[in-house]
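Below you'll find the structure, written out as structure tokens, and then a few comments.
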Amino acid sequence: MQKSIVQINSPVGVLAIEGTEKAITAVQFLDRTEIAEPLRNDSPDVIKECVQQLEEYFQGKREAFEITYELNGTTFQTNVWQALTTIPFGETASYKDIAVIVGNEKAVRAVGSANGKNKMSIIVPCHRIIGTNGKLTGYAGGMERKGWLLEHERKFRK
């Protein structure tokens, strides 16, 4: 199945959205300021819907995403990524919290590794993971973006 890629501007940088006719396969930050592949009329509907929902998120009008997406990874990784989706908008959890949810409280480092391989930024909210000491920890999109996303969610939390 052919993949399409679209790039959009967000308040924290350019996002690349990748998908097929059926599902979104990646939403990731790019280290660039210019959009190389804008949304087109012939972009797949699922990508158009993802762009719309991300715009609503950044406007503070959306707390949860209702799009079809694919998580491609090991069973453990997909379990971690699914657990991330249970963290409510505007709240945080620790790597240990997620390890407990997936049934192995000693797998804290493995949870961190899986978190770092999440290709569905914002949609699967790995930015909501913080250290057990309450401090911000690594984020593939960059620490400034992570801080911005958490503050944005706190500001618009209902």
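Looking only at helices (runs of 4 or more DSSP H) that lie completely in the stretch 91-158, which have at least 3 residues being of a type in the set (Lys, Arg) and either surrounded by fewer than 15 Cβ atoms within 10 Å (Cβ to Cβ) or touching a strand residue (DSSP E or B) at 6+ places or on another chain (Cβ under 7 Å) (or both)?
143-156
Just the residues that are free of Cβ contacts under 8 Å to residues at least 60 places away in the same chain and either on the phi > 0 side of the Ramachandran plot or polar (S, T, N, Q) (or both), please, taken from the stretch 133-158.
Matches in the stretch 133-158: 133, 134, 137.
Regarding the stretch 70-80, can at least one residue be identified that is of a type in the set (A, V, I, L, M) and in a loop (DSSP other than H, G, I, E, B)?
yes
So, in the stretch 1-51, exactly how many residues are charged (D, E, K, R) and in a loop (DSSP other than H, G, I, E, B)?
Total satisfying the criteria: 9.
Suppose the filter is at pLDDT 95 or above and within 16 Å of the chain's Cα centre (by Cα); does residue 76 pass it?
In short, no.
Residues 130, 101: which one is on the phi < 0 side of the Ramachandran plot and at pLDDT below 95?
Checking each option against the conditions leaves just 130.
Pairs under 8 Å by beta carbon, first residue surrounded by fewer than 13 Cβ atoms within 10 Å (Cβ to Cβ) in the stretch 32-57, partner hydrophobic (A, V, I, L, M, F, W, C), six or more apart or different chains?
What qualifies is 32/14; 33/14; 34/14; 38/6; 38/8; 40/6.
The values are calculated or read from the model by the stated rules, or taken from the named source; none is laboratory data. This one's a predicted model, so the numbers in the text were calculated from it and none came from an experiment. Reconstructed Cβ throughout: ideal geometry from the backbone, glycine too, with neighbour counts over all protein chains shown.
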